[in-house]
1. Any residue in the stretch 137-150 that is within 14 Å of residue 6 (Cβ to Cβ) and assigned by TED's automatic domain parsing to the domain that holds residue 71?
2. Considering only residues that are touching a residue at least 24 places away in the same chain (Cβ under 8 Å) and surrounded by 15 or more Cβ atoms within 10 Å (Cβ to Cβ), look in the stretch 264-274 and name the one that is farthest from residue 218 (Cα to Cα).
3. Here are some conditions: (1) part of a helix (DSSP H, G or I); (2) closer than 29 Å to residue 29 by Cα. Residue 103 meets all but one. Which one does it not meet?
4. Of all residues in the stretch 20-44, which are over 22 Å from residue 206 (Cα atoms) and surrounded by fewer than 19 Cβ atoms within 10 Å (Cβ to Cβ)?
5. What are the residues in the stretch 232-242 that are touching a residue at least 12 places away in the same chain (Cβ under 8 Å), out of contact with any helix residue (DSSP H, G or I) (no Cβ under 7 Å at 6 or more places or on another chain) and exposed (fewer than 15 other Cβ atoms within 10 Å of the Cβ), if any?
6. Which of the strands (runs of 3 or more DSSP E) contained wholly in the stretch 1-77 include at least 2 residues that are at pLDDT 95 or above, outside the structural domain of residue 228 (by TED's automatic domain parsing) and closer than 30 Å to residue 213 by Cα?
């Protein structure tokens, strides 16, 4: 069989992140996570060009690494590849990736692309709910920490989504948001500061499970902001979207001290002073990318302010992509 390529988009989480980590969402009523798939992609090529019981992994521009099954607890490529091909004999080339530590769900998009390519090689399919649950558990094993689900849904489906957290299942609602309308208002900027999602999420997870009052209150506020964000997107009310994202970030900064360290807060302030309606860190915070909501026509001024405040940063993208994971055979 010829090699198989798969491409999956990353995501910008607008509101409700962390609630998709079990059991945080089911501990409160009407939990929802709202995100947008963005034109930052992960692309992998998979072929049968390795020895039995081995997976050869190569990232573009670097040397190849040989992985064995024992690496499945510490390496995401090994975990996914050996799950679908227990006998090994697989070569995985990562052709395109999101910036490391960008907070855009790049590892989950990578897992989706890799899994879909491997399924294509096997001539098999897997339902989306089962695939999401499988990849969540594999990634949690690698992280040795709880993992959420929103990133996988964005990578699979594309577009704007409201992921409703229900007992036993995620109910995924596509939001009919106009692509052009969103492109005028949503900007994603990489700060150059690397975030650490596992550490931040674990702090939040532990405190909520232990019943910490401050954490319970902040997560409830995040849930309210996410519901408002969904409603505002459905109504096409850009002012209300900005208010909801701002309220979500304010609540999120109360969750853990690492969410908004002073250096990141200074960069966020620069974007606000340049006219941004709302600014939040992508993913677990602490660094990575900023999700910026603004009025049409303000992007250039806001990006200039961000580049001045974060000399190591850069504009990543704007708007959304409506296309989820795509799989094709190569020659």
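The values are calculated or read from the model by the stated rules, or taken from the named source; none is laboratory data. Quick caveat: nothing in here was measured; it's all calculated off a predicted structure. For neighbour counting, all protein chains shown are included, and Cβ atoms are generated from backbone atoms with ideal geometry for every residue, glycine included.
1. no
2. 274
3. (1)
4. Within the stretch 20-44, 39 is the sole residue that qualifies.
5. Across the stretch 232-242, the qualifying residues are 234, 239.
6. Ranges flagged: 4-15, 32-47.
Condition check ((1) farther than 24 Å from residue 322 by Cβ; (2) in contact with a strand residue (DSSP E or B) (Cβ under 9 Å, 6 or more places away or on another chain); (3) surrounded by 20 or more Cβ atoms within 10 Å (Cβ to Cβ)) across all residues:
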{"position": "14", "(1), (2), (3)": "no, yes, yes"}
{"position": "18", "(1), (2), (3)": "yes, yes, yes"}
{"position": "50", "(1), (2), (3)": "yes, yes, yes"}
{"position": "65", "(1), (2), (3)": "yes, yes, no"}
{"position": "90", "(1), (2), (3)": "yes, yes, yes"}
